[in-house]
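To start, the structure under review is shown below, and the notes come after it.
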Amino acid sequence: MRIRAAAPAELPLLQDIERAAGEPFRSLGMAVIADDEPLPLDVLDGYRRAGRAWVAVDEADRPMAYLLTDTVDGAAHIEQVSVHPAAARQGIGRLLIEHLAANAAERGLTALTLTTFTEVPWNAPYYTRLGFRPLAESDPDLTAGLRAIQLAEAAHGLATWPRVCMRRELAGRPAPRSVAPSP
C-alpha cells in the first residue's frame, strides 16, 4: 500500500469510500451515521488543493482509503479517515495516520488530534491502540478549537452517541505532565 496526495479525478471515489466505510455503523443502530452524506466535492477539492488530502492506493493505484487534515491550535487534526471495508483490518488507517504524524512533525506541529465515537470498536478503542488518549473536559489540551469542533459536531447530530476528543503527542515532543495542585 502506497500513500500519496489525492488527485482531482479521485474525489468522487473518496465519497464512495466514505459511504462504504459508513455502512458498518448501521449494525450498531447508527443508521443516521451510515446514511450521512460525505463531504461535497468542492470541500474535498479544497483539502486536496491545500495539500491536506492523502489516499492509500492499491497495486493498481486505486484509492482504498483516505485522510483529511486541518490544523487546530497547533496540532494536526484528523478531520476524516475512511477505509473501504474491502481493505479494512490491514493497517491502512494506521499507515495514513503515521503519514500524517510524520508530515505534522516536519511542520513543527505538537500533536495529532481527532474527535470520535467512544463506544464504536473501530473508533475510540482503535485510536487508543494507536497511542491517542481521551481528553477530559478539564484537560488543558482540550483547546478552544477542539471545543468548537465538538459544538459543530453536536449541531450536526453527532452528539446523539457518546463522543470524545483524543490527542497523541508527536515523537520528539514532550508528553503532557500532570501538575500537582498548589498547597
Report yes if some residue within the range 105-115 is buried (at least 22 other Cβ atoms within 10 Å of the Cβ), among the polar types (S, T, N, Q) and either within 15 Å of the chain's Cα centre (by Cα) or outside any strand (DSSP E or B) (or both); otherwise report no. yes
Suppose we keep only residues that are touching a Ser or Thr at 6+ places or on another chain (Cβ under 6 Å) and crowded, with 18+ Cβ neighbours inside 10 Å within the range 164-173. Which one would you say is farthest from His99 (Cα to Cα)? Val164
Some residue of the range 4-20 being closer than 21 Å to Thr118 by Cα, in a loop (DSSP other than H, G, I, E, B) and open to solvent by less than 80 Å² (accessible area, probe 1.4 Å): no
Open to solvent by 40 Å² or more (accessible area, probe 1.4 Å), among the small types (Gly, Ala, Ser) and at pLDDT below 90: does that describe Ala102? no
Hey, could you check the range 116-145 for residues that are among the hydrophobic types (A, V, I, L, M, F, W, C) and in a loop (DSSP other than H, G, I, E, B) and say which is most open to solvent (accessible area, probe 1.4 Å)? Trp122
Among the residues of the range 79-93, how many are surrounded by fewer than 16 Cβ atoms within 10 Å (Cβ to Cβ) and of a type outside the set (A, V, I, L, M)? 4
Being more than 17 Å from the chain's Cα centre (by Cα) and part of a helix (DSSP H, G or I), is that true of even one residue in the range 67-85? no
Being closer than 25 Å to Arg147 by Cβ and surrounded by fewer than 17 Cβ atoms within 10 Å (Cβ to Cβ) narrows Asp42, Asp70 down to just Asp70
Restricting attention to the range 24-34, does a residue exist that is basic (Lys, Arg) and either open to solvent by less than 20 Å² (accessible area, probe 1.4 Å) or modelled with pLDDT under 95 (or both)? yes
Answer yes if at least one residue in the range 153-160 is at pLDDT 95 or above and either surrounded by 13 or more Cβ atoms within 10 Å (Cβ to Cβ) or part of a strand (DSSP E or B) (or both), and no otherwise. no
From the set of residues in the range 45-59 that are of a type outside the set (A, V, I, L, M, F, W, C), touching a helix residue (DSSP H, G or I) at 6+ places or on another chain (Cβ under 8 Å) and outside any loop (DSSP other than H, G, I, E, B), which is least open to solvent (accessible area, probe 1.4 Å)? Asp45
What do you reckon, is Ala148 among the small types (Gly, Ala, Ser), farther than 28 Å from Val57 by Cα and outside any loop (DSSP other than H, G, I, E, B)? yes
Considering every residue within the range 31-42, establish whether at least one is of a type in the set (Gly, Ala, Ser), closer than 20 Å to Ile92 by Cβ and assigned to a helix (DSSP H, G or I). no
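The values are calculated or read from the model by the stated rules, or taken from the named source; none is laboratory data. None of these values were measured; they are calculated from a predicted model. When we count neighbours, we look across all protein chains shown, and the Cβ atoms used for this are built from the backbone with ideal geometry, even at glycine. Quick note on the areas: whole protein, heavy atoms, side chains included, nothing else; ligands and nucleic acids left out. Shrake-Rupley method; radii C 1.70, N 1.55, O 1.52, S 1.80 Å.
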